[in-house]
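Visitor: Sharing a structure here in structure tokens format.
Read-outs throughout are calculated quantities, based only on the coordinates presented, and are distinct from any laboratory measurement. On a predicted model such as this, the values are computed, not experimentally measured, just so you know. Every residue, glycine as well, gets a Cβ built from its backbone with ideal geometry; the counts of neighbours run over all protein chains shown.
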Amino acid sequence: ATNRTFTMIKPHAVADNHIGGITAMIEAAGFRIVAMKKTQLSAAQAGKFYEVHKERPFYGELCEMMSSGPIVPMILEKENAVADFRALIGATNPANAEEGTIRKKYAKSMGENAIHGSDSDENAAIEGSFFFGAIEQY
Ligand code: CMP
């Protein structure tokens with residue numbers, strides 16, 4: 001079935017002018033951009049977004065990195081969106097990212113891995129509504 005996932009382009013990739021390159025890969029892979037904007041999180045907002053990771057050793061570094069500059073959050077639509085998008089972005093560790101994936105091309109490290117992708121339909125809905133209201137989703 002057609003469904004939705006949530007993604008955001010991380011600060012280092014926005015700062016390096018890769019919004020166009022990354023959205024081109026997303027659209028070429030058959031995803032429709034339902035919502036998109038450029039915004040910046042405070043450290044506290046990043047902490048809330050990544051609350052599931054709060055016990056992880058990299059949580060502080062993650063929140064600092066994600067609030068260090070503008071990001072581009074998006075809601076995407078496609079058949080089998082969550083799983084297909086995770087395949088398109090590639091492994092979290094860019095050293096393991098497959099050829100042709102967004103992270104293979106744009107990730108710099110485990111933390112600066114260019115882009116986020118929701119890991120379930122449930123989290124896609126939660127993460128999408130963190131950034132976008134109903135009248136922003138077309
Ligand atoms: P993301 O898909 O946005 O979800 C959690 C993020 O935590 C992940 O991408 C990485 O940016 C970050 N992350 C995961 N593992 C590590 C790690 N070992 N060191 C630093 N950052 C990490």
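Visitor: With a 10 Å Cβ neighbour count serving as the proxy for reagent exposure, in which order, fewest first, do PHE131, PHE58, PHE85 appear? Display every interim value, and only then the final one.
Guide: Details: PHE131 20, PHE58 12, PHE85 23.
With the sparsest Cβ surroundings first, the list reads PHE58, PHE131, PHE85.
Visitor: Next question, about the same structure. Percent of alpha carbon pairs in the chain separated by more than 19 Å?
Guide: Details: 4476 of 9453 pairs.
In whole percent, the long-distance tail amounts to 47.
Visitor: Given that compact globular proteins tend to follow 2.2 N^0.38 Å, what is the ratio of the alpha-carbon Rg of segment 1-46 to that value? Kindly include the intermediate steps, with their values, before the conclusion.
Guide: Working: Rg = 12.3 Å, N = 46, 2.2 N^0.38 = 9.4 Å.
In units of the globular-protein estimate, segment 1-46 measures up at 1.31.
Visitor: Restricting to DSSP H runs of at least four residues, report the calculated mean residue ellipticity at 222 nm for the chain, -39500 (n - 2.57) per run over all residues, nearest 500 deg cm²/dmol. Show your work: numbers first, answer last.
Guide: Numbers: 7 runs with 55 residues, N = 138.
When only DSSP H runs of four or more count, the value is -10500 deg cm²/dmol.
Visitor: Taking the beta-carbon count within 10 Å as an exposure proxy, list TYR106, TYR59 from fewest neighbours to most. Don't jump to the answer; show the numbers that get you there.
Guide: Numbers: TYR106 24, TYR59 16.
Going from least to most buried by this count: TYR59, TYR106.
Visitor: Then there is this: Excluding LYS108 itself, what net charge comes from residues whose Cβ is under 12 Å from its Cβ, given Lys and Arg +1 and Asp and Glu -1?
Guide: Values: positive: LYS10, ARG103, LYS104, LYS105; negative: ASP16, GLU112.
Overall, the nearby charge balance is +2.
Visitor: Between SER109 and GLN137, what is the spin-label point distance in nm, taking each point 7 Å from the Cα along the Cα→C-beta axis?
Guide: Placing both labels 7 Å along Cα→Cβ, they lie 3.5 nm apart.
Visitor: Same structure again: Show me the trypsin sites (Lys or Arg not before Pro) within segment 64-138 that DSSP assigns to loop and that have at most 14 other Cβ atoms within 10 Å of their Cβ.
Guide: Details: sites: LYS78, ARG86, ARG103, LYS104, LYS105, LYS108; in loops: LYS108.
Sites meeting the loop and neighbour criteria: LYS108.
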